[in-house]
Structures are given as structure tokens and as C-alpha cells.
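This report concerns only the one structure given below.
The values are calculated or read from the model by the stated rules, or taken from the named source; none is laboratory data. All values derive from a computational prediction rather than experimental measurement. Here the Cβ positions follow ideal geometry from the backbone for every residue, glycine too, while neighbour counts run over all protein chains shown. Note: accessible area is taken over every heavy atom of the protein model, side chains too, but ligands, DNA and RNA are not part of it. Shrake-Rupley method; radii C 1.70, N 1.55, O 1.52, S 1.80 Å.
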Amino acid sequence: KILYRFAVAAPESNIWKIRLPLKIFRENAARIAFTQTSTKQKRLLYAPLLTNINQTLFPSPVLATYALVRGVPIKKVIANNLEYILIKLEYILIKRTKIHTGPNYQIFPTPIKNWEENPPIRILSAAKFLDNSKRYKIQQKSVFIGVTDSSLANTVKTATGTVIPKVNWYAYATQSLINNDYVQKPYWFYAIQRALILIFALYLLLTPKPLYGRIGYIITLVIVIATLNVELISLISQKLWLPLLYPSIFLLLTHTLVRLSFKKSRQIEKAQGEISQVRQELGSYYQSQSNLNQAFNQLRLCSNDGYLPKVLYNLGLDFERKRQFDKALEVYEHIHSNLGIVYNDTEARIERLKSVTGAFPATGPMGTASTQIMLLTDTNMEKPILGRYQLEREIGRGAMGMVYLGKDPKIARPVAIKTLALGSEYEGKALEEAEARFLREAEAVGRLNHPNIVTIYDVGEDQGVAYIAMDYVEGASLDHHMSEKTLLKIKTVVEIGAQVADALAYAHKKKVIHRDVKPANIIFNAKNNEVKVTDFGIAALTDDSKTRTGTILGSPSYMSPEQISGKKAAGASDQFSLGVTLYQLLTGHLPFDGDSMANLMYQITDQTHKPMRKMRRGIPPCISRIVNKTLQKSPDNRFANCEAVAEALRKCIESK
């Protein structure tokens, strides 16, 4: 039985051109089949069993021959096309036998490598077949008739790349179908292929970032190799073509790109981390130098490496200690908003600082509002820092500033911190000159080393406040003993005066003038009768010709006539101030006291003080003579020096 086919040309404008076979062939054919022809040679992996022409299915030569062999009329070949939501279930039913064709009713004959040397089908020459001298037995055989000369025939490329005539391809495909020797492409092929690509995409999306590196890439390679092996094993053992190649390629290529991108991002993160580390170290350096604003400018640009919140938190505490509450608030809010974490008690501190910055808006320089800011007693607030010293509590007040008990964090030593708010006395260039003068004078005083002089450890300026860190001495200043009810014993006062005179004599030899000798600057420890003179040279920071809220800077009641006159102060000036101090400590009254500044100045420069023995009974005459001599208007009429004063005081005590 011989089968002929219609050659169906490619559609042009949706019109199919059909070439009919020769009449003699058509009349003697057992079956008529349809194939599409193309001028382009393309590689064929499959052989269609049905051809779709204008939404109508026609049998291909392969299917028509197979039905002929099985003895089934072509009209009884049933093509099922069950449409589902995502896939098409396609197969052909012949005598209750399902031929699972997969999409588009195709089968995939097993590829042949050596077609020319060992063709899988028998090829007969037409000339030899018609030669009566040689007969071929072709009864009960399926025969395809066609042109096999490659220069004349339509050709195709097989899966292995071999070029063969098209009629040979159909013959081999028919043989594969009859012998059930073909690869099946399941109907769910494309659906599973897309599903696997989606699953692999989700796998890459849900993979933790650390697995984007070497370990994750090895896992992906294992998955790809296992997937391809499943496809290969199913292809060899079951002749089932599973859609695993493209998903595997997708997974491998995508993970490769992701890994390269991750590697590059890691390099960028590493570089950014190194830059952040440098900024953090620079910020810590600025913080150690008390340059907190520069420290914050660096730290706010750092990425969170786990240690940054602690560093920023400590910086905020330092701002609190400096009483720069607005900056501390900015640091804590940066931890919350930019780092996105709640660290330690930052929330409570933010709420507290918001109320503080509202009450004290000028929390920058401590010069103008230092008293208010320093005296905040909130136990939850960090104790203030001035320079490197932590202030514990207020221990005194002076005309020029506050005195605090502080602690040196380097050696945990208690110190007394004397503050001078120069910013409230001077402006502009005058302020710069006052600061320079303060530092020079404090440097000179710092060289003094005497048992009756408070030792100065450090001087500096911070936030507009000049300060002096000095030895913290047990005891109290003598301003507690200036009234008649609190007077000390006469002998005790004379001994104190002798020790103060010794201290002044030593300082004068070192070319340092006190300029502000008064009871408040003399600390007395009643337990061991130890005397310490403090605030050496501080009055030199001010210009005696200037006034401060209506008064001369310093302590006018203890000033010498030459100081009142604006003359340069010398050792004799400190001697006069010591005489005023002794007079007050012995009598409970000042020797010169006016109801106005002008009257006071007149009393000091032109009037004689009242005799001490009229102010208090029992004062020895020698004491009165010593005090009277120190209170002479002219420096030339006083003692030659403070050493002579000390000697005279001790002789007076010894004679009694």
C-alpha cells in the first residue's frame, strides 16, 4: 500500500496554497496526508502527527501510515484536546491506544548520529525497483516514495545536525512511532518549565544574603547537577523529556549574576565599612579632645557596626556634661531615627532633654548662663564637665564666678574648680586679651609651691568659661568668721595672719601679686590649724578702672589706696589687704566702710580707721601696732615686706 501526500505551502495572507499529487498517484494511494513545506532549511527535533490548517486538524504522513498499519480508518482516529486553565492535555486515540504527543501533537524520534553510514531505515532506489532483473519484497511493508537526491529534494536537519531528505525523515519518524521508539514530551511540559523557573526565582529571592557567596553557589551547582541528571535519567530510561534544562540554566546564570552583584556589593560594603571605621576612630579622637561637635559630624556619617550606638550614646552623655542639651538631644534622636534602634535609656533622656532645652534655650556656651545650667540638680542628668573635670557640687561663690567640687577622671583626685565668666565682663578683642592675660597669670601662679598656698593643677577655657583646677582643701573660708558673733580667738587670728603673710612673702619673691587678699580667699582647717591662701593673681585679670554692675571689679573694701587710685599693685598692696583682713577677723568690722562706692574710696584713701581696741577689748597693743602699720596710706610707711609682717606677728604672740 502506497501513501501519497499533499504539499501544503506556507500561508500568504491567510490563504493556503495546496499542491495536489499526480492523478495517478492520487488514484492509487491508500491514504492522503498533509505536510507543510518551507523554503528554509531548519533543524527538526520532532515529527507532527496532525497539521492544523485553518483551525482544522489533518493527519500527517506519520499518523496516516501508523493508522494504515494498525488497520484503522483515518476517520476513526480521535484527536483529544482537553483545555485546562494553564495547560493543554493532548493525545491521539487509536483503537483504545493513547499516543501521548504532548503539545501540538508532536513526537520526538530518537536522534541518530551516523545516518549516512548506518541509516535506520531501508532506502530503495526507484530505478532498481523498476528493473525487472531484480525484485524487492515489499509486501506488507510501509513505503514512502519521494526524491532522495539531496540536490533536488527538500531536506531537513536532524537533531544531530545531519542533513537528510524530508521523505527519509518522515519514514524514520513513522518507524519510531510504530516501534514505540520515541521520546515523549509530556503535555504539562511548558507549565512545569515555567513553574520551575518561578520556584528557582523564589529560591534566589528567599535565599539569605550570606548564601549568595561561595556556599550558596555550591548549593546551587548541586541543585543544577541533580536536576540535569534527573532529566538525563528520565530521558534514557523512560524516554521522557522533562523540562529541566532551561530552568537549570536560568538558576545557574541568575545565581552567577547575583553572586557577582553580591560580591561587588560586599566589596562596596567593605570599603564603606572601612571608611565608617576611620570616621568612627576620628570621631572618637575628637571626642577625647573634647571637640564634641566635630566628633558628632564624623560619627553621624558612620554606618551601624554594632558599636556605633554605644559610641553615640557616650557622646550624648558628654554633651549633657558640657550642658549642651540641644546637641545631646540631637545625638539621641539620631540614634532613634537614623539607626532605627532604641538604645539604653535614650527615650527617657530625649523626653527629659526636650523639657530642659525649653527651659534653658541657650545651652551652648556656658558663659552667660553658666550659673543656671550648672545648678541643675536632676539626678538623672549627667553631671557637668568643665574641661576634663567632672563637677560634683557647688562649694562656694565669688564675685567673679563659682567654685565647684570636681573630680579629675585621670587620677580620681578631688579638685576645686574656680570658674571665671570672662564672657560676661568682656567682648570682642577685649575678651581675647582678658583670656590671654588670665592664662599668663595662672601659669605664673601655677609655679608657686608653698604649704600655705593652694596648689594649682590646671587652667583652661571651655565653652566661654575660664577655669582653674586647684587642690581641694578641707576646711572653710574665713568669711564665716567676719561678724562679732563668729569671731575666732585673737591668738588663732594672729597665727592665721602669720601663715598668710608667709604665703604672700613667698609669692612676692616669685613676682606674683595676689591683688585680692580677703577672708573669702583664705581657707582655714580648724582641726589642724592649717591655712591655705587661694585665688592668687585672679584679680589681675580685670582692669581696676572698669566697673561691674556699679562696683569696681574685685573686692573694693580690701583694696589698697594705690589700687583705688589705679596704680600698679605691688607687694605692699597685698600687705594692706592683709591688714584689712586681720582688722575684720579681730573686730568683726571693716576698717573702711562707706555707704557708696565714692564714700568707700574716700575712706580708704584719706580717712584713718577706728582704733581696734575700741572695737574689741583684749586685743594686744602689739597687734594693733602691726595692723595699723599695714594700713598706712603710703606703701613706704608699711612693713618692708610681708616676711617682716609674719615675723612681727609671731613675736607678738610669743611675748604674750
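Candidates LYS209, LYS157, LYS166: the one that is open to solvent by less than 50 Å² (accessible area, probe 1.4 Å) and either over 42 Å from the mean Cα position of the chain (by Cα) or at pLDDT below 90 (or both) is LYS166. Please verify whether region 141-148 includes one or more residues that are of a type outside the set (Lys, Arg) and either under 30 Å from SER265 (Cβ atoms) or open to solvent by less than 30 Å² (accessible area, probe 1.4 Å) (or both). Checked against the condition, which is being of a type outside the set (Lys, Arg) and either under 30 Å from SER265 (Cβ atoms) or open to solvent by less than 30 Å² (accessible area, probe 1.4 Å) (or both), region 141-148 yields no hits at all. Return the residues of region 607-656 that are small (Gly, Ala, Ser) and either open to solvent by less than 60 Å² (accessible area, probe 1.4 Å) or free of Cβ contacts under 8 Å to residues at least 12 places away in the same chain (or both); say none if nothing qualifies. Correct list: SER624, SER634, ALA640, ALA644, ALA646, ALA648. Would you please name the residue that is modelled with the highest pLDDT, looking only at residues in region 307-325 that are assigned to a loop (DSSP other than H, G, I, E, B) and open to solvent by 20 Å² or more (accessible area, probe 1.4 Å)? Checking each candidate, the answer is TYR307. Across region 429-474, the number of residues qualifying as in a helix (DSSP H, G or I) and open to solvent by 50 Å² or more (accessible area, probe 1.4 Å) comes to 8.
Among the residues of region 51-64, the ones that are open to solvent by 20 Å² or more (accessible area, probe 1.4 Å) and at pLDDT 85 or above come to 1 in all. Taking residues in region 572-583 that are within 16 Å of ALA648 (Cβ to Cβ), and partners anywhere that are of a type in the set (Gly, Ala, Ser), the pairs with Cβ atoms closer than 7 Å and at least 6 places apart or on different chains are PHE576/SER560; LEU578/GLY497; LEU578/ALA501; LEU582/GLY497. The residues of region 491-518 that are assigned to a helix (DSSP H, G or I) and either in contact with a Phe, Trp or Tyr (Cβ under 8 Å, 6 or more places away or on another chain) or under 24 Å from GLY446 (Cβ atoms) (or both), listed by number, are ILE496, GLN499, VAL500, ALA501, ASP502, ALA503, LEU504, ALA505, TYR506, ALA507, HIS508, LYS509.
Yes/no matrix, rows are residues, columns are (1) within 18 Å of LEU582 (Cβ to Cβ); (2) out of contact with any Cys (no Cβ under 9 Å at 6 or more places or on another chain):
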site: LEU431; (1), (2): no, yes
site: GLU495; (1), (2): yes, yes
site: ALA503; (1), (2): yes, no
site: ILE523; (1), (2): yes, yes
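A single entry from LEU202, LEU232, LEU196 fulfils the requirement of being surrounded by 17 or more Cβ atoms within 10 Å (Cβ to Cβ), of a type in the set (A, V, I, L, M, F, W, C) and assigned to a helix (DSSP H, G or I): LEU196.
One residue stands out in region 284-302 among those that are among the small types (Gly, Ala, Ser) and open to solvent by less than 60 Å² (accessible area, probe 1.4 Å): the one that is farthest from LEU339 (Cα to Cα), namely SER290. The set of residues in region 477-487 being surrounded by 15 or more Cβ atoms within 10 Å (Cβ to Cβ) and not in a loop (DSSP other than H, G, I, E, B) consists of SER477, LEU478, ASP479, HIS481. Apart from one condition, LEU152 fits all of (1) surrounded by 13 or more Cβ atoms within 10 Å (Cβ to Cβ); (2) at pLDDT below 85; the exception is (1). In this structure, does SER276 turn out to be out of contact with any Phe, Trp or Tyr (no Cβ under 8 Å at 6 or more places or on another chain), open to solvent by less than 50 Å² (accessible area, probe 1.4 Å) and hydroxyl-bearing (Ser, Thr, Tyr)? In short, yes. Only a single criterion out of (1) part of a helix (DSSP H, G or I); (2) aliphatic (A, V, I, L, M); (3) closer than 29 Å to ILE107 by Cα is not satisfied by LEU242, namely (1).
In region 488-520, how many are open to solvent by less than 20 Å² (accessible area, probe 1.4 Å) and at pLDDT 90 or above?
13
Identify, please: which residue in region 95-131 is assigned to a loop (DSSP other than H, G, I, E, B) and of a type in the set (A, V, I, L, M) and is, among those, most open to solvent (accessible area, probe 1.4 Å)? Ranking the candidates gives ILE123 first. Among residues of region 336-354 that are at negative phi, those with a beta-carbon under 8 Å from a residue that is β-branched (Val, Ile, Thr) and surrounded by 15 or more Cβ atoms within 10 Å (Cβ to Cβ) at least six positions away or on a different chain give the pairs HIS336/THR346; HIS336/ILE350; ILE341/ILE335; TYR343/ILE335; THR346/ILE335.
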